[in-house]
Amino acid sequence: MRTRAFGLCVAVVCLAGALAASASARVEPGELRRDRAVAAYGSEGGQDRVDFSVIEKIRAEGMERSKAVETFEYLTTNIGPRLTNSPAHKQSIAWTQQTLKSWGMSEVHTEPFQFGRGWTLNKVTIEMVEPRYMPLIGYPRGWSAPTAGRIMATPVWLPGLEDAALKAQAGKLKGAILFTSPIQQYAIRADRPAASGDLKPPSPAPVRPPQLNGSLTGQGGPALAERLTFLKTEGVAVTIEPNIGEHGTVFVTGRDMGANSVPSIILASEHYNLVAKMLQQKIPVKLAVEIQATYDESDRNTHNVIWEIPGTDNAVKDEIVMVGAHLDSWHTGTGATDNADGSATVMEAMRILKALNIRPRRTIRGALWAGEEQGLLGSRAYVAQHLAGDKNKAARDKFSVYFNLDNGFPPISGFYMEDNDPARVIMAEWLKPVASLGAIMPAPGHIGATDHLSFLDVGIPGFQAVQEYAGYDVRTHHTNVDFSERIDPNALKQASTVMAVVLYQAAMREGTFPKPPPAKKTGTQ
């Protein structure tokens, strides 16, 4: 009898436990229960109270009904690379606006700023045809001039473009395939550590020859302009340079060099070095090179995409919480990790909030920047128009905080807090409801080279997400292998969900957000 009673009790307890577990799984997952307990403990220190019913809905919408992957795949697969002001970039601007409107976003519009002509690569072939055939891996720099048809010649090698060597070749370079650099020895072989900020240059820094698409106005600009004028006047058919990648990875950027633009190719370093060694050993070698590219002069303006979810609290609805990412990319991959993932995260975070009909106290504004790869041009244009200077002081005073998605790729583990200690305390609380998703790190330090700098420069709190760097610096950032396979769909859902939770809390916060400490000169890096 005791055995039967004991068994019956065990059965009843187990059944009750199962029912409780089932109810818990439906209403409040164990992970969220843990996050609730942690956040509730933290809120006793006087920080904002967390509405967990809303957090639960955000997590469910973001992780179970996400459209982030759909958005990301359209940008990378359907549209592809989005070089600023190219036809594909313009297509992405139109498509994102259409999508945001279909989601019910308010005030969807574009804001133009002057940029320059667009450029499209239509074809490139780089081949070694003697002493044996080998296709070579390489890409034109962005805005490279096209070649005059298919160029076939033995390369001329002028390592470093030394002035004396150039003068010695005067009158001999018409139609030349010009190798401009020594044999490439340096390569990026390690990604930056997690949450470490900017990629640090090696020490001692490697010696690099003059770059043929550097700044015409910065250090070395006059010398660069003279070299380009010389090469153009001499009739050089195409220049070829190595890069800092290896294993066939090719890092390619570029800029419009204007009237003096010479066709320019970046070659996989292994292939560059092979040809250079053959020239060094006087082995007869011949290459065939062709670039077909077109410039687009139809509109020298490019555009940022802006939209919002209006605030509903009359006391603070004019205050702005903003999130942004750059929509433009380079042209050799599909701009997956730089920065379709960031664009999809921004769009999805706001879709989540809109789909749940969340009524934020403050206005939440979204942005997809143009021209980031050419120097943060889109965000700087926005700040100059809306936030900088005495004329915009009132708008600046009502601007609460800006969040950015760029460096690295999902998942989000936290935010670089730019030495803003009061803000770091707040962010630590905000991340607690999503700790079980892996967002636990309000890193105190700084990161550069992206759009939050534009806001910091005018005294507005701006924070870039801390993301993953494994394979980013070595393999995907500005390279020919920046494709959608690099992104984990679940990590993209996580990033969008975390961003939505942070935006919600920022929009609902009781007090004003702490301003950044006295400005350090940020620069664009």
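Answer with yes or no whether Ser413 is farther than 30 Å from Val250 by Cα and polar (S, T, N, Q). So Ser413 does not fit the description; no. Would you check if there is a residue in segment 444-454 being among the acidic types (Asp, Glu) and buried (at least 24 other Cβ atoms within 10 Å of the Cβ)? Yes, some residue in segment 444-454 is among the acidic types (Asp, Glu) and buried (at least 24 other Cβ atoms within 10 Å of the Cβ). In the same structural domain as Val346 (by TED's automatic domain parsing), within 18 Å of Gly414 (Cβ to Cβ), of a type in the set (A, V, I, L, M) and outside any helix (DSSP H, G or I): is that true of Ala500 in this structure? No. For segment 298-355, the set of residues classified as farther than 30 Å from Ile266 by Cα, of a type outside the set (A, V, I, L, M, F, W, C) and either in contact with a helix residue (DSSP H, G or I) (Cβ under 6 Å, 6 or more places away or on another chain) or not in a helix (DSSP H, G or I) (or both) consists of Glu308, Pro310, Gly311, Thr312, Asp313, Asn314, Lys317, Asp318, Glu319, Gly324, Thr345, Glu348, listed by residue number. Given the structure, is Glu61 part of a helix (DSSP H, G or I), of a type in the set (Asp, Glu) and surrounded by fewer than 19 Cβ atoms within 10 Å (Cβ to Cβ)? No; evaluated as a whole, the condition is false for this residue. Residue count for segment 156-179, restricted to those that are small (Gly, Ala, Ser) and part of a loop (DSSP other than H, G, I, E, B): 4. Among the residues of this structure, Gly459 does not count as one that is closer than 22 Å to Ala194 by Cβ, in contact (Cβ under 8 Å) with a residue 40 or more places away in the chain and small (Gly, Ala, Ser). Could you tell me whether Val262 is touching a strand residue (DSSP E or B) at 6+ places or on another chain (Cβ under 7 Å), assigned to a strand (DSSP E or B) and not small (Gly, Ala, Ser)? Against the criterion (touching a strand residue (DSSP E or B) at 6+ places or on another chain (Cβ under 7 Å), assigned to a strand (DSSP E or B) and not small (Gly, Ala, Ser)), Val262 does not qualify. Condition check for Met128 on (1) surrounded by fewer than 15 Cβ atoms within 10 Å (Cβ to Cβ); (2) touching a strand residue (DSSP E or B) at 6+ places or on another chain (Cβ under 7 Å): one failure, at (1). Set side by side, the residues Lys432, Lys398, Lys393 differ, and just one is crowded, with 22+ Cβ neighbours inside 10 Å, of a type in the set (Lys, Arg) and either more than 25 Å from Asp198 (Cβ to Cβ) or at pLDDT 95 or above (or both), which is Lys432.
Comparison of Glu418, Glu429 shows that the only residue that is among the acidic types (Asp, Glu), more than 16 Å from the chain's Cα centre (by Cα) and on the phi > 0 side of the Ramachandran plot is Glu418.
Residue check: Asn314 meets all listed conditions (1) in the same structural domain as Ala355 (by TED's automatic domain parsing); (2) more than 31 Å from the chain's Cα centre (by Cα); (3) touching a residue at least 12 places away in the same chain (Cβ under 8 Å) but one, namely (3).
For segment 139-146, state whether one or more residues are exposed (fewer than 13 other Cβ atoms within 10 Å of the Cβ) and not in a helix (DSSP H, G or I). The answer is no; no qualifying residue exists.
Checking segment 68-81 against the condition returns a match, with at least one residue being modelled with pLDDT of 95 or more, closer than 22 Å to Ile265 by Cβ, in contact with a Leu (Cβ under 9 Å, 6 or more places away or on another chain) and buried (at least 21 other Cβ atoms within 10 Å of the Cβ). Taking the condition closer than 24 Å to Gly333 by Cβ and either assigned to a loop (DSSP other than H, G, I, E, B) or among the polar types (S, T, N, Q) (or both), does Pro182 pass? Considered against the rule, which asks whether it is closer than 24 Å to Gly333 by Cβ and either assigned to a loop (DSSP other than H, G, I, E, B) or among the polar types (S, T, N, Q) (or both), Pro182 comes out as no.
The values are calculated or read from the model by the stated rules, or taken from the named source; none is laboratory data. Predicted model, so just to flag it, every value in this text is computed and none were measured. Cβ: placed from backbone, ideal geometry, glycine included. Neighbour counts: every protein chain shown.
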